[in-house]
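Here's the structure, in structure tokens; my notes come after.
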Protein chains: 2
Amino acid sequence: MRLEILPVPGIGHVTEGDDLAALIAGAAGWLRDGDVLVVTSKIVSKAEGRLVDVPADGPERLAERDRVLAGETARVVATRGATRIVQTHHGFVMASAGIDASNVDKTRLVLLPVDPDASARALRAALRDRYGLDVAVIVSDTMGRPWRNGLTDVALGVAGMPAIRDHRGEVDPYGNELHLTQMAVVDELAGAGELIKGKCDQVPVAVVRGYLDAPRDDDEGARALVRDASLDLFSLGTAEARAAGLRAAATVADGVGPAPAEPATVAGAIATVAGVVAPGTVFTHVTDEEVRAGLAATVPGWPAAATGLVLGAAPTPVDRADLVRFGADLQRLRTALAAEGIESTLLPPPAGTTASATLAI
Amino acid sequence: MRLEILPVPGIGHVTEGDDLAALIAGAAGWLRDGDVLVVTSKIVSKAEGRLVDVPADGPERLAERDRVLAGETARVVATRGATRIVQTHHGFVMASAGIDASNVDKTRLVLLPVDPDASARALRAALRDRYGLDVAVIVSDTMGRPWRNGLTDVALGVAGMPAIRDHRGEVDPYGNELHLTQMAVVDELAGAGELIKGKCDQVPVAVVRGYLDAPRDDDEGARALVRDASLDLFSLGTAEARAAGLRAAATVADGVGPAPAEPATVAGAIATVAGVVAPGTVFTHVTDEEVRAGLAATVPGWPAAATGLVLGAAPTPVDRADLVRFGADLQRLRTALAAEGIESTLLPPPAGTTASATLAI
């Protein structure tokens with residue numbers, strides 16, 4: 001058993017309206033049933049006319065590029081400097097939405113195909129119907145990834161085979177059930193194709209021979225590889241998520257949590273704000289039958305009979321600025337509790353207490 | 001030109017102390033100079049004795065597994081439910097630090113090799129010195145990745161070739177300089193090896209033939225693929241980064257920003273907190289020569305001569321609870337400003353104003 005990875009040279013420059021099936025079949029008369037074609041998305045885009053005109057340079061080029069990028073963007077995932085990582089309308093997370101200025105005239109940008117799975121299906125169908133070839137087709141592109149330097153080629157679209165090889169439920173020779181073995185084989189095939197394309201010059205199509213026993217249609221295509229953002233532990237850049245946390249802190253909602261908070265967790269939140277609150281403020285965690293949990297802010301030494309709160313050693317009458325600062329400290333504590341998943345509500349002080357406010361959590 | 005991907009069957013079970021070079025040379029007498037060996041890290045780990053004993057099941061197994069995971073963890077990147085994604089001491093970001101319970105006795109766990117680059121170098125050297133074979137060696141493992149479903153095999157270690165093929169500085173046929181073309185070819189080679197391993201049963205070594213013209217030593221190894229967390233836009237999970245933002249909000253430092261804040265950015269922060277602040281509170285952005293920027297909170301209709309602040313329609317004397325709530329609102333505003341990168345300081349009110357506090361930004 002062996003796999004072969006073969007280049008398809010001789011395709012030449014592809015332009016709008018070109019017939020990719022004819023170009024590939026003409027350049028690779030040696031194609032066989034069961035071959036997997038790895039087709040660089042750029043020639044698919046060019047054939048499909050996914051090009052936009054832009055100025056060759058200057059600020060006008062950058063502005064127009066930004067406008068094009070916005071159109072290709074479903075949501076911004078992360079930015080740093082000029083780098084913009086976005087989720088495209090297909091669901092792919094890519095730098096600059098996969099917009100490419102290489103291997104094209106300086107006055108044009110190449111966008112990703114509108115529906116790379118459909119592009120792959122159309123090419124597979126054309127090769128089958130017009131040339132009698134039963135092959136699988138992968139539309140590939142180059143992507144970066146978190147945590148690892150260097151780019152790899154992966155699949156944007158596929159036809160004629162499933163995107164994933166699923167080993168779940170199988171048992172290894174030691175009797176252990178395999179849990180995490182859904183392999184993204186079309187990504188590995190796209191990368192394998194890149195190895196030979198990268199060794200050659202201007203070869204946009206590679207063939208992997210020996211992998212498939214027989215192509216079969218699979219309606220899901222490469223969409224099976226797109227993880228829904230809600231299921232992704234890295235749906236936002238770290239800086240963006242941190243800023244979202246800060247923004248959430250600004251608008252942290254009033255609401256009593258669904259269950260009494262653990263005293264240890266509350267103590268942890270208090271520890272977070274300790275050292276940055278106004279001098280003399282003490283947060284005391286009290287629990288009783290009336291409220292699920294309450295936090296009263298008290299000052300050591302303040303007479304229990306008093307109905308107001310003075311921070312630190314501030315004398316009566318109450319210093320307004322100190323009360324404002326105390327309110328800020330309570331909000332600090334609310335955000336520290338929110339970081340631990342604990343909702344809270346700022347309430348007027350219980351009558352007859354030394355507090356000026358109460359947090360219900 | 002073509003590449004071939006060949007399986008190396010017949011290696012059998014590997015145990016501690018086994019001589020991998022002898023096993024591979026014995027199973028693949030057909031190896032040639034220039035071949036790239038893709039060796040599953042698990043057999044490297046087993047040969048190197050990177051195994052730990054654990055109970056076969058029950059809570060004791062989970063507890064011991066957690067203890068082992070902690071030892072392999074340099075930092076926790078993201079968690080959800082039982083999933084723990086960590087950065088290992090090598091710098092790899094992997095679920096469960098790459099600890100594996102498959103293809104091993106139920107009472108053992110397999111850890112990653114201590115230094116996969118060194119493992120690759122040792123195997124390359126042994127095959128060269130003892131068998132006269134000049135090959136490159138990749139130590140591979142299976143990893144998940146953000147944004148895309150399915151796993152792929154990538155390189156943990158490499159010897160005999162650089163990890164990255166660098167096209168930077170080259171010019172395409174249209175005269176565009178190639179900027180982003182550092183290809184992680186060892187990851188693509190690892191994935192290509194997985195394609196043939198996955199088609200066979202229990203084949204831990206694959207060979208890619210035709211890719212290398214000649215092996216050459218490269219001291220950096222697969223460490224070149226490890227991106228430093230400080231340079232990574234996704235160094236933390238989204239939930240973890242968001243919680244970090246909330247925690248930061250709780251302890252947002254007093255400090256006047258290095259430059260006057262843009263009025264539009266301040267207006268954005270005010271818009272963030274609008275709707276959640278106490279009724280009647282109005283934040284007014286004022287700038288003058290005395291302070292770089294100041295935000296005074298005022299209440300419409302309050303006499304300009306007054307030296308205190310009453311929120312909404314609260315009558316004199318000032319209601320303490322309202323002042324506390326006003327302080328909380330100021331802290332909301334501070335965190336909204338912090339989310340925009342604007343530092344601020346809560347100050348006592350300017351004398352003779354209607355405010356009870358001032359934010360300097």
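Length gained on full extension, B:Cys200 to B:Ala63: 45.8 nm, using 0.36 nm per residue less the C-alpha separation.
With 24 Å as the limit, write out which pairs from B:Lys46/B:Lys197; A:Lys42/A:Lys197; A:Lys42/A:Lys199; B:Lys42/B:Lys106; A:Lys197/B:Lys46; A:Lys199/B:Lys42 have Cα-Cα distances beyond it, or answer none. Provide the component values of the computation, followed by the final result.
Values: B:Lys46/B:Lys197 18 Å; A:Lys42/A:Lys197 13 Å; A:Lys42/A:Lys199 18 Å; B:Lys42/B:Lys106 15 Å; A:Lys197/B:Lys46 36 Å; A:Lys199/B:Lys42 30 Å.
In this structure, A:Lys197/B:Lys46; A:Lys199/B:Lys42 lie more than 24 Å apart at Cα.
Residues of segment A:218-236 with an amide N closer than 20 Å to a point placed 7 Å from the Cα of A:Arg168 along the Cα-to-Cβ direction: A:218-234.
Distant-in-sequence amide contacts of A:Val226, defined by a placed amide H-H separation under 5 Å and a gap of 5 or more residues or a different chain, comprise B:Asn149.
To the nearest 100 Å², how much accessible surface do chains A and B cover up together, summed over both, with a 1.4 Å probe? Don't skip to the answer; put the middle values down first.
Values: alone 19960 and 19900 Å², together 29580 Å².
For A against B, buried area totals roughly 10300 Å².
If one computes the Cα centroid of segment A:1-36 and of segment B:43-79, what distance in Å separates the two points? Between the Cα centres of segment A:1-36 and segment B:43-79 lies a distance of 47 Å. For the listed peptides A:183-193, B:193-203, a ranking on the average number of other beta carbons within 10 Å per residue, highest first, reads A:183-193, B:193-203.
A label point on A:Trp30, set 7 Å along the Cα-to-Cβ line, lies at 1.9 nm from each of its counterparts in the other copies, closest listed first. With θ taken as phi - 60° and the Karplus curve 6.51 cos²θ - 1.76 cosθ + 1.60 applied, the whole-hertz 3J(HN,Hα) list for segment B:154-162 is 9, 8, 9, x, 8, 9, x, 6, x Hz, x standing for glycine and proline.
Run the numbers for B:Tyr131 and B:Asp254: contour at 0.36 nm per residue of separation, minus the present Cα-Cα distance, in nm.
Once the chain is fully extended between B:Tyr131 and B:Asp254, it gains 37.6 nm.
Highest-first packing order for the peptide set B:240-249, B:152-161, B:86-95 is B:152-161, B:240-249, B:86-95, based on the mean count of other beta carbon atoms within 10 Å.
Counting from the shortest, the label point at A:Asp53, 7 Å from Cα toward Cβ, is 7.7 nm from the same position in each remaining copy. For segment B:1-143, the carbon plus sulfur part of the accessible surface works out to 51%, probe radius 1.4 Å.
When B:Gly10 is represented by a point 7 angstrom out along its Cα-to-C-beta vector, the spacings to that point in the other copies are 3.8 nm, nearest first.
Please compute the average number of Cβ atoms from other chains found within 10 Å of each residue's Cβ in peptide A:222-234.
Working: counts 1, 1, 3, 4, 3, 7, 1, 2, 0, 2, 8, 15, 16.
Mean inter-chain Cβ contacts per residue within 10 Å come to 5.
Please average, across the residues of A:75-84, the number of beta carbons from any other chain that are within 10 Å of each residue's own beta carbon, and give a whole number.
Mean shielding by partner chains, rounded to a whole number: 1.
A full extension of the chain between B:Ala271 and B:Asp228 corresponds to an added length of 11.9 nm, given 0.36 nm per residue minus the alpha carbon distance.
Rounded to the nearest angstrom and listed largest first, the equivalent-ellipsoid semi-axes of segment A:4-239 from its Cα gyration tensor are 29, 26, 14. Beta-bridge orientation, segment A:4-239: approximately 85 percent antiparallel, per DSSP, counting only bridges with both partners inside.
What average number of partner chain Cβ atoms lie no more than 10 Å from the Cβ of the residues making up B:100-106? Write down the numbers at each step before the final one.
Working: counts 2, 5, 12, 5, 4, 3, 3.
Mean inter-chain Cβ contacts per residue within 10 Å come to 5.
The values are calculated or read from the model by the stated rules, or taken from the named source; none is laboratory data. As the structure is a prediction and not an experimental result, all values here were calculated from the model. Because the Cβ atoms are built from the backbone with ideal geometry, glycine has one as well, and the counts that use them run over all protein chains shown. What goes into the accessible areas is simple: the full protein's heavy atoms, side chains included, and nothing from ligands, DNA or RNA. Shrake-Rupley method; radii C 1.70, N 1.55, O 1.52, S 1.80 Å.
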